[in-house]
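Each reported figure results from applying straightforward, stated rules to the coordinates on display, with no laboratory input. Just so it is clear, the model here is predicted, and its values are computed rather than measured. Ideal geometry is used to build each Cβ from the backbone, glycine not excepted, and the neighbour counts take in all protein chains shown.
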Amino acid sequence: MSNKAMSPSTPLLELPGKALNELGERGNLRLLESAACDPDVLCAQIMTGCYGKPFIIEDHETRRLHLSLELVQSSMRIDDPFALEFAYTRKMMAFLLFVPDPGHVLMVGLGGGSLAKFCYRHLPRARLSVVEVCPDVIALREAFGVPDAPRLAIIEADAAEYLPAAEGDTDVLLLDGFDAKGIAPAFLSRGFYRAARRRLRRGGLVVANFAGPRKYWSRHLALLNEAFEGRV
């Protein structure tokens, strides 16, 4: 695992506007690819769901991080990049009702950095750590304006390995880790949620985003409830 500072600006390949029209979208499509790549091949991969990297679709109002055409991981308003565009992110920030002045907020899942940026702006005294397993997601952080600052650490690591590495150092733990198939598979274990509990200081909170049909997250909820002895 590595604690990575912001790297130099990552070059992105922008495909012609007609490529998005063919995919049924509007705006600009940007990929972590070199200019030597064949646009037609890339479009075909995205259309069929075979493209294996996150990508950006941007129109005049929003810049969105996609894991596939159907799955939008993050959305950022161009004119208000620190705002929380998705309702679920605003709900996750309701932890402030219980822990209004956290010393350390640990986030699992960077995405487009919506939660990280909001916490950075509105919790100026908090130390922020973000664990992200996908280097391609981290490579797109500059496109979403994730700050490069000493109190905001972006850590490339598997959360299942990172969480057990320390105990009692976190006031708020935000679980928002997804891949193209849904909730990160690493979450689906007793050990993961027990490590999450041990990571918390006295009075700390875990906030978890369980999205999609109930059949995909009911087991996660059961494991979380077990780890926290029914206090969910």
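Under a 5 Å amide H cut-off, with hydrogens placed 1.01 Å from N, Val206 pairs with Leu173 among residues at least 5 apart or on other chains. Put in line by how crowded their Cβ is, counting other Cβ atoms within 10 Å and starting with the fewest, Asp176, Asp40, Asp171 read Asp40, Asp171, Asp176.
Okay, helix-only estimate at 222 nm for the chain: each DSSP H run of n ≥ 4 adds -39500 (n - 2.57), divide by all residues, round to 500 deg cm²/dmol; what do you get? Write down the numbers at each step before the final one.
On the way: 8 runs with 64 residues, N = 232.
Using -39500 (n - 2.57) per qualifying helix, the result is -7500 deg cm²/dmol.
Using a simple spin-label model with pseudo-atoms 7 Å out from Cα toward Cβ, Asp169 and Leu69 lie 4.4 nm apart.
The HN-Hα couplings worked out from phi for the range 219-232 by the Karplus form 6.51 cos²θ - 1.76 cosθ + 1.60 (θ = phi - 60°) are 5, 4, 4, 5, 5, 5, 4, 5, 5, 9, 6, x, 8, 10 Hz, whole numbers, x standing for Gly and Pro.
Please give the length that would be gained between Arg121 and Glu161 if that part of the chain were fully extended, namely 0.36 nm times their separation in residues minus their C-alpha to C-alpha distance (nm, one decimal).
Numbers: separation 40, 0.36 × 40 = 14.40 nm, distance 2.86 nm.
Working it through step by step, the gained length comes to 11.5 nm.
Please check: in the Gaussian network model of the chain (C-alpha springs, under 10 Å), which one of Pro213, Pro164, Pro135 has the largest mean-square fluctuation. So, out of Pro213, Pro164, Pro135, the one fluctuating most is Pro213.
Compared with the alpha-carbon gap, the fully stretched path from Thr48 to Leu188 is longer by 47.6 nm at 0.36 nm per residue. Across the range 67-82, rounded Karplus estimates of 3J(HN,Hα) from the backbone phi angles (6.51 cos²θ - 1.76 cosθ + 1.60, θ = phi - 60°) give 9, 7, 4, 7, 9, 8, 7, 8, 9, 10, 6, 4, 8, 8, x, 8 Hz, Gly and Pro being marked x.
Given their separation in residues at 0.36 nm each and the Cα-Cα distance between them, Ala211 and Ser34 gain 60.4 nm when the chain is fully extended. 3J(HN,Hα) couplings calculated from phi for the range 183-193 with the Karplus curve 6.51 cos²θ - 1.76 cosθ + 1.60 (θ = phi - 60°) are, in sequence order, 4, 3, x, 4, 6, 7, 7, 4, x, 5, 6 Hz; Gly and Pro show x. Residue exposure proxy: Ser114, Ser34, Ser218, ordered by other Cβ atoms within 10 angstrom of their Cβ from fewest to most, comes out as Ser34, Ser218, Ser114. Counting only DSSP beta bridges whose two residues both lie in the chain, roughly 55 percent are antiparallel. Residues whose amide H lies under 5 Å from that of Met107, counting only those 5 or more places away or on a different chain, are Ser129, Val130, Val131, Leu174; hydrogens are built 1.01 Å from N in the peptide plane. Put simply, the amide H of Gln73, placed in the peptide plane, has neighbours under 5 Å in Leu65, His66, Leu67, leaving out anything fewer than 5 places away on its chain.
Explain nothing, just the number: relative contact order of the range 87-227, from Cα pairs under 8 Å at least 6 residues apart, as a whole percent. Normalised by residue count, the contact order of the range 87-227 is 25 percent. If R0 is 45 Å, what FRET efficiency do you get for Ala94 and Glu14 from their C-beta distance, rounded to 0.05? The value I calculate is 0.75.
Using the Cα atoms of the chain to build a convex hull, what is its mean projected area in square nanometres? Kindly include the intermediate steps, with their values, before the conclusion.
On the way: hull surface 51.2 nm².
The directionally averaged projection comes out at 12.8 nm².
Tell me, Val99, Val105, Val133, Val232 in order of fewest to most beta-carbon neighbours within 10 Å?
On the way: Val99 17, Val105 25, Val133 22, Val232 12.
Least to most surrounded, the residues fall as Val232, Val99, Val133, Val105.
When the charge dipole of the chain is built from unit charges on Cβ atoms (+1 for Lys and Arg, -1 for Asp and Glu) and taken about the Cα centre, the candidate among Gly230, Leu175, Ser218 whose Cα reaches farthest toward its positive end is Gly230.
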